[in-house]
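Here's the structure we're looking at; comments come further down.
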Amino acid sequence: MVTDDSSSTALTPQGLVATWEGLLVLQAYFPSLDPARIIQACLDPAHARPPAPSSRTSPVSPASLIPAEFGYARGRSRRRQIIEDATVLFARNGYHGTTIRQLASEVGISTSTLLHHFGHKAGLLAEVLRHRDEQLVHRRGQRDMDARTELAELGNEARRDLEVERGLVNMYAVLSTEAIHPDHPAHAYFTDRFSRTIDYFEGLIANSDSGSPDPRLDAVWLVALWDGLQYQLILSPDDMDLPAQLDHHIQTSLGITPATRSSILDEPYTPDQRTSSTV
């Protein structure tokens, strides 16, 4: 948890460890990423920063976070129903506590049909997470916030997700580490998602008037920190305040004052969230 004696620096011990762990996972998806150089660039600002692949200056739409929908239109409606039912089961029982047979029985289809649509249970979970991304994008699109405000609201967004979708947040964190091998059925999903998320935050930071000298590098750091904090939250749920760590980072690294309680925390639950709070 953020303490008073860490308020003068952008690097709390917990945040630094989380970022390192997050960078190691990102490196598994993007081998050219150099965690040691990124950390050194932050610890020693005089040190040459690692080269950034791009420097985005135009805003990025929230819709850019969602990959194209797969499958033929004729089967998409059925697939979507399966995904919505699987969301409820995964949120209630967890990933490893839910079997393919249970999933098939719940949605009223055969196991072979379920596997035909998604290939593996991990492939289905990747689609569940993608569906969750769609909901996130829909919420962001409804708010119509500028870049600086959206960054200021990240802590509140994390608070809401933990209150409403704690089970899915944990499953995302676990699967992102399990899927680092290129042969894993969810590897392509996470590669694409990390790439889109980094691009998105790069656009926000570049357009936030934060004065960031390298929005790309700061976006990589933010994604690594957020994911690393989620890994730590699974291991020590009572010893770390993830939203407070995000707020601290936004304040000290980007000079953006975190938002106080906002309407994000009071948004009504959607039908897909009807069991998440019981996890």
State all residues of the stretch 119-168 that are among the acidic types (D, E), in contact (Cβ under 8 Å) with a residue 12 or more places away in the chain, assigned to a helix (DSSP H, G or I) and under 26 Å from A188 (Cβ atoms); if no residue qualifies, say none. E127, D133, E134, E157
For the stretch 78-93, give me each residue that is within 13 Å of L129 (Cα to Cα), open to solvent by 20 Å² or more (accessible area, probe 1.4 Å) and not acidic (D, E). R80
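Can you tell me which residue among S32, S55 is farther than 19 Å from T177 by Cβ and at pLDDT 90 or above? Working first, answer last.
Numbers: S55 fails: at pLDDT 90 or above.
Going through S32, S55 in turn, the sole match is S32.
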Any idea which residue in the stretch 109-167 is nearest to G97 (Cα to Cα), counting only those that are surrounded by fewer than 19 Cβ atoms within 10 Å (Cβ to Cβ) and of a type in the set (S, T, N, Q)? T111
Out of all the residues in the stretch 258-270, is one or more open to solvent by 20 Å² or more (accessible area, probe 1.4 Å), in a helix (DSSP H, G or I), at pLDDT below 85 and among the charged types (D, E, K, R)? yes
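State whether one or more residues within the stretch 178-195 are in a helix (DSSP H, G or I), farther than 17 Å from F30 by Cβ and modelled with pLDDT under 90.
Yes, the stretch 178-195 contains a residue that is in a helix (DSSP H, G or I), farther than 17 Å from F30 by Cβ and modelled with pLDDT under 90.
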Restricting attention to the stretch 188-213, report how many residues are closer than 16 Å to I250 by Cα and either within 13 Å of the chain's Cα centre (by Cα) or open to solvent by less than 10 Å² (accessible area, probe 1.4 Å) (or both). 7
Filtering the stretch 89-118 for residues that are out of contact with any helix residue (DSSP H, G or I) (no Cβ under 6 Å at 6 or more places or on another chain), part of a loop (DSSP other than H, G, I, E, B) and within 25 Å of P182 (Cα to Cα) leaves a count of 4
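The values are calculated or read from the model by the stated rules, or taken from the named source; none is laboratory data. On a predicted model such as this, the values are computed, not experimentally measured, just so you know. Glycine gets a Cβ as well: all are built from the backbone with ideal geometry, and neighbour counts include every protein chain shown. For the accessible areas, the whole protein counts, side chains as well, though only heavy atoms, and no ligand, DNA or RNA atoms are used. Shrake-Rupley method; radii C 1.70, N 1.55, O 1.52, S 1.80 Å.
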